[in-house]
Amino acid sequence: MRDIPTALWLLLTLVAIFAHRDLPEPRWLMIHLLLLGAITHAILTWSEYFSFALLRTRATRRDQRLQNIRLTASNLGAVLVLIGVPTGVWALTAIGASALVAAVLWHALAIVRRARGSLPGKFGKTVRYYVASASLLAIGSVLGAIIARGDAAPQLSLSHALINVLGWVGITVAGTVVTLWPTILRTRADDAAPVWASRALPALTIGVLVAALGAGVANLPLLALGLAGYLAGLGMIGMSLARAARNAPPRSVASLSVGLALSWWAGCVAVLLVGTIVAFATDAGFATVSELVYSLVPYLAAGFAAQVLVGALSYLIPVVLGGGPRPVRVGTEAFDRLGPLRLTVANASLVVYALPVSSLMRVVASILYVLAMGSFLVVMFAAMRAQRKAKQESASTGRVVRTKADTKADTGIAPGRRAGQALTGLITVVLAMVIAAALDPIGAGWGSGATGDADAPVTTVQVDAADMTFTPNVLEVPAGNRLVIELTNTDATQVHDLVLANGVKSDRLAPGETATIDAGVITADVEGWCSIVGHRQMGMTLTIQATGATQESASSASGSDGSGIDLAADPGPGFAPYEASLPPLPDQDGPATHEVTLTVIDQEIEVAPGVTQTLWVYNGSAPGPTLHGRVGDTFIITLVNDGAMGHSIDFHAGAFAPDEPMRTIPPGEQLTYTFTATRAGIWMYHCSTAPISAHIANGMYGAVVIEPDVLPAVDRSYVLVQGEYYLGDHAGGEVDTAKIEDRSPDLVVFNGYANQYDHAPLEATVGERVRIWVLDAGVERPSTFHVIGGQFDTVWKEGAYSIDNTPGVGAQAMDLLPGQGGFVELTFPESGNYPFVTHLMVDAEHGAHGILAVAPSD
């Protein structure tokens with residue numbers, strides 16, 4: 001019954017995989033549901049079981065009761081962490097991590113006490129592996145909680161991953177397979193196994209700690225040294241495991257699954273070690289190794305951790321359920337059902353996913369893997385049911401009956417059936433990949449859309465896309481040759497693609513993805529570029545030069561000057577003005593904490609009567625929501641990227657190093673940005689992903705109003721954020737970055753819509769004191785804010801008063817450069833409509849215009 005939580009965690013992992021597009025932090029969530037949930041529960045359960053067996057002691061009812069408490073605490077802690085991190089509620093994360101650490105350390109202490117009062121056999125010392133791994137999990141959990149706060153160094157995430165995956169999971173598995181592997185194979189353990197296991201533990205433990213330290217301080221030699229030590233420890237254990245396998249080759253699902261898992265484990269560590277050494281030798285930098293670690297974690301989770309869990313449970317569950325020889329054989333046979341087929345599909349799919357294939361092929365491979373591994377849950381419950389039925393039959397007859405099925409279970413799956421199922425699984429994966437390639441021929445390198453003689457000589461060029469550059473960006477191809485481009489996105493966060501002027505293009509590639517592009521037979525120069533908005537304008541272009549031929553270069557250009565916009569027309573159906581009013585802050589004792597979630601989406605929005613643009617927006621509007629607080633208040637911002645490309649956020653209201661909180665996050669991920677407002681002002685926030693001008697101009701900006709300690713109350717307060725639109729070449733298009741470079745906006749607006757407050761005037765009353773906060777979000781145009789018919793008696797700009805309600809003194813305008821803000825105050829002497837504008841009149845005529853409708857006083 002204690003394996004039920006493991007099954008539930010695995011089920012939740014499957015749910016997260018299929019629903020990942022609708023979940024916050026999906027990659028993090030899927031990995032932690034498996035490792036923190038299923039694997040951790042299984043480790044606590046079975047390491048307790050093995051400790052009693054290895055120390056030759058028996059569990060009392062008190063031991064079982066205390067173990068249940070530890071399991072409850074660890075699972076509850078995991079639940080709190082899995083809720084706290086995606087939602088950004090750090091208190092839940094901290095409480096959950098504390099409960100998990102307490103449960104695991106208590107578990108380790110119980111094993112230590114048990115060992116002191118026992119007379120263990122020759123393998124009894126391997127329980128030290130469980131104590132060491134539990135101690136490492138405590139360190140890893142503390143690091144995880146620190147990281148979840150959002151203010152830790154990025155490298156700590158690598159330390160956390162290494163300690164938890166290679167330490168908690170890896171060292172536990174290492175200590176277990178010393179005895180479990182030969183038991184599964186039904187052979188004797190190697191005589192030297194206890195000695196090598198004793199020597200391996202220090203190498204593994206010190207190796208993990210050194211590697212984690214190297215990652216934490218971004219020291220590649222130290223990281224490589226730790227990984228080398230860890231790999232040496234695996235080699236010590238591996239020698240004994242290999243001898244056992246030679247004596248009794250793997251045949252059952254349990255042995256095959258564990259064997260494959262160990263291969264993925266050692267292989268991933270070796271790849272990471274080699275990658276670290278190469279990065280150091282070539283001065284590639286720590287970021288390269290960081291990307292490699294994150295790319296390997298899914299394979300350690302899916303190839304190593306998941307498979308070792310499936311293999312161990314396939315053997316252990318029938319043994320623990322017991323009931324005599326026949327029920328155990330029935331359960332084992334049920335676990336073996338279609339085992340080679342399932343394992344072949346899972347591992348072949350995982351290999352395909354690791355290869356430079358198209359996005360569609362990766363999606364299909366991941367689905368096949370999930371189906372193959374997920375079927376274990378069905379198999380597990382069917383096997384348990386079959387074994388219980390066999391136990392009941394044995395108990396009712398009182399006899400042990402041996403059948404052909406029993407004999408087959410003794411030696412595993414028959415070789416012929418094993419080979420047949422494995423071949424079927426391999427064919428299934430190959431056929432699925434062929435179909436996926438047929439549906440996405442360009443991504444698979446089959447050259448859909450390419451032109452020219454199919455038998456022409458082929459020139460193949462590898463191109464990397466990173467840092468707004470194609471490398472190389474000039475491709476020389478003999479005229480008449482067919483060009484094949486192997487494009488790899490080596491950027492850390494940005495999505496890229498390649499579009500050629502001859503019509504051939506790639507899919508959009510996430511970081512680490514690769515596509516093969518058949519550009520066709522090259523007879524003339526061809527231009528290429530990244531089609532992600534703004535990337536081409538930042539220099540992300542390449543040129544294919546046809547050597548030995550004379551021709552004109554291919555090119556493409558299109559655009560629109562945005563003329564013909566009728567700003568006097570009525571807004572479209574469903575028009576609702578951006579809420580400009582700023583409610584007064586509530587009374588409070590001491591600084592307040594404001595928790596806000598800003599979700600980035602791509603949305604087609606009307607920006608002027610009859611004019612729409614697909615904007616990238618925070619919470620569905622441009623500008624994003626106005627944040628409001630006092631000096632000393634803390635803002636906890638959760639940024640969720642549900643857009644189609646990488647985005648970020650930069651708050652001018654906070655002051656600290658931008659490296660971590662202002663980093664670009666890819667689609668489907670989120671980050672937490674925390675700052676304390678230490679100075680008053682109307683501060684801009686905006687996306688800081690390159691090209692910043694395009695992201696701001698396409699709607700990714702907003703205002704944070706931080707009031708000074710003493711700010712007189714007024715009757716009404718409004719916020720106006722001036723921005724610009726550079727319209728695309730069609731309705732619903734995205735920003736035209738060429739117009740940004742030409743400094744030629746189509747529209748200049750207040751609060752995201754041209755002349756919107758002509759259609760929905762702001763309100764005031766004669767005699768009321770009105771404060772208007774103004775922010776110029778740019779990207780290009782200055783603002784000189786003016787109310788026609790009004791005079792300002794107070795002007796506060798960029799932290800200072802130029803006039804402060806002094807009798808007989810006034811101002812006609814407040815001048816602001818992009819990124820600056822302030823407020824003005826005025827009263828209205830009589831009723832009427834008072835237009836407000838930027839006195840840069842060409843911009844007022846392009847939409848930066850509104851009306852204050854002043855009603856008579858009562």
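Observations on the model:
- Residues of segment 744-769 that are of a type in the set (D, E, K, R) and either touching a Phe, Trp or Tyr at 6+ places or on another chain (Cβ under 7 Å) or closer than 16 Å to residue 818 by Cβ (or both): 746 alone.
- In segment 498-517, of all residues being modelled with pLDDT under 85 and farther than 27 Å from residue 292 by Cα, the one that is surrounded by the most Cβ atoms within 10 Å (Cβ to Cβ) corresponds to 502.
- From the options 719, 774, residue that is touching a Gly at 6+ places or on another chain (Cβ under 9 Å), surrounded by 23 or more Cβ atoms within 10 Å (Cβ to Cβ) and among the β-branched types (Val, Ile, Thr): 774
- Strands (runs of 3 or more DSSP E) within segment 455-517 that include 2 or more residues closer than 26 Å to residue 663 by Cα and of a type in the set (A, V, I, L, M, F, W, C): 458-466
Conditions tested, residue by residue: (1) surrounded by fewer than 22 Cβ atoms within 10 Å (Cβ to Cβ); (2) in contact (Cβ under 8 Å) with a residue 12 or more places away in the chain.
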site: 783; (1), (2): no, yes
site: 799; (1), (2): yes, yes
site: 802; (1), (2): yes, no
site: 805; (1), (2): yes, yes
site: 813; (1), (2): yes, yes
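- Meets criteria (among the aliphatic types (A, V, I, L, M), touching a residue at least 24 places away in the same chain (Cβ under 8 Å), crowded, with 18+ Cβ neighbours inside 10 Å and within 30 Å of residue 674 (Cβ to Cβ)) for residue 134: no
- Among the candidates 563, 555, 581, residue that is at pLDDT 95 or above and of a type in the set (S, T, N, Q): 581
- Unmet criterion (only one of (1) within 25 Å of residue 316 (Cα to Cα); (2) buried (at least 17 other Cβ atoms within 10 Å of the Cβ)) for residue 187: (2)
- Among the residues of segment 341-358, those identified as surrounded by fewer than 22 Cβ atoms within 10 Å (Cβ to Cβ) and of a type outside the set (A, V, I, L, M, F, W, C) are 353, 356.
- Between 732, 728, the distinction of being part of a loop (DSSP other than H, G, I, E, B), at positive phi and surrounded by fewer than 24 Cβ atoms within 10 Å (Cβ to Cβ) belongs to 732 only.
- Where a residue in segment 523-539 is under 19 Å from residue 472 (Cβ atoms) and part of a strand (DSSP E or B) and its partner, wherever it lies, is among the charged types (D, E, K, R) and at pLDDT 75 or above, with Cβ under 6 Å and at least six apart: 529/536
- Within segment 818-829, one or more residues are touching a residue at least 24 places away in the same chain (Cβ under 8 Å), in a strand (DSSP E or B) and surrounded by fewer than 20 Cβ atoms within 10 Å (Cβ to Cβ).
- No other residue among 692, 682 is modelled with pLDDT of 95 or more and β-branched (Val, Ile, Thr) apart from 682.
- A single entry from 843, 758 fulfils the requirement of being surrounded by fewer than 18 Cβ atoms within 10 Å (Cβ to Cβ), assigned to a helix (DSSP H, G or I), in the same structural domain as residue 705 (by TED's automatic domain parsing) and of a type in the set (Asp, Glu): 758.
- Residues that are surrounded by fewer than 18 Cβ atoms within 10 Å (Cβ to Cβ) and of a type in the set (Val, Ile, Thr) within segment 647-681 comprise 676, 678, listed in sequence order.
- Test set (1) over 20 Å from residue 683 (Cβ atoms); (2) at pLDDT below 95; (3) under 50 Å from the mean Cα position of the chain (by Cα) - residue 780 fails condition number: (1)
- Residue 694 being touching a residue at least 60 places away in the same chain (Cβ under 8 Å) and not in a strand (DSSP E or B): yes
Conditions tested, residue by residue: (1) assigned to a helix (DSSP H, G or I); (2) in contact with a Ser or Thr (Cβ under 7 Å, 6 or more places away or on another chain).
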residue	(1), (2)
251	no, yes
259	yes, no
264	yes, no
276	yes, no
307	yes, yes
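- Condition check for residue 118: closer than 16 Å to residue 206 by Cα and small (Gly, Ala, Ser): no
- Single unsatisfied condition, residue 161 versus (1) in contact with a Phe, Trp or Tyr (Cβ under 6 Å, 6 or more places away or on another chain); (2) modelled with pLDDT under 90: (1)
- Residue 176 at pLDDT 90 or above, touching a Phe, Trp or Tyr at 6+ places or on another chain (Cβ under 9 Å) and over 30 Å from residue 92 (Cα atoms): yes
- Residue check, residue 289 in contact with a helix residue (DSSP H, G or I) (Cβ under 8 Å, 6 or more places away or on another chain) and in a helix (DSSP H, G or I): yes
- Scanning segment 101-131 for residues that are within 30 Å of residue 595 (Cβ to Cβ) and either surrounded by fewer than 17 Cβ atoms within 10 Å (Cβ to Cβ) or in contact with a Lys or Arg (Cβ under 6 Å, 6 or more places away or on another chain) (or both) gives 102, 103.
- Among residues of segment 603-631 being β-branched (Val, Ile, Thr) and surrounded by fewer than 19 Cβ atoms within 10 Å (Cβ to Cβ), the one that is farthest from residue 752 (Cα to Cα) is 631.
- Those residues of segment 578-602 which are crowded, with 17+ Cβ neighbours inside 10 Å, closer than 22 Å to residue 757 by Cβ and not hydrophobic (A, V, I, L, M, F, W, C), in sequence order: 578
- Members of segment 359-374 that are crowded, with 17+ Cβ neighbours inside 10 Å, modelled with pLDDT of 85 or more and among the aliphatic types (A, V, I, L, M): 364, 365, 368, 370, 372, 373
- Output for segment 178-216, where each listed residue is within 30 Å of residue 251 (Cα to Cα) and β-branched (Val, Ile, Thr): 178, 179, 183, 184, 187, 195
- Selection status of residue 211, assigned to a helix (DSSP H, G or I) and either among the hydrophobic types (A, V, I, L, M, F, W, C) or surrounded by 24 or more Cβ atoms within 10 Å (Cβ to Cβ) (or both): yes
The values are calculated or read from the model by the stated rules, or taken from the named source; none is laboratory data. The structure displayed is predicted, hence computed values, not measured ones. All Cβ positions, glycine included, derive from the backbone under ideal geometry; neighbour counts span all protein chains shown.
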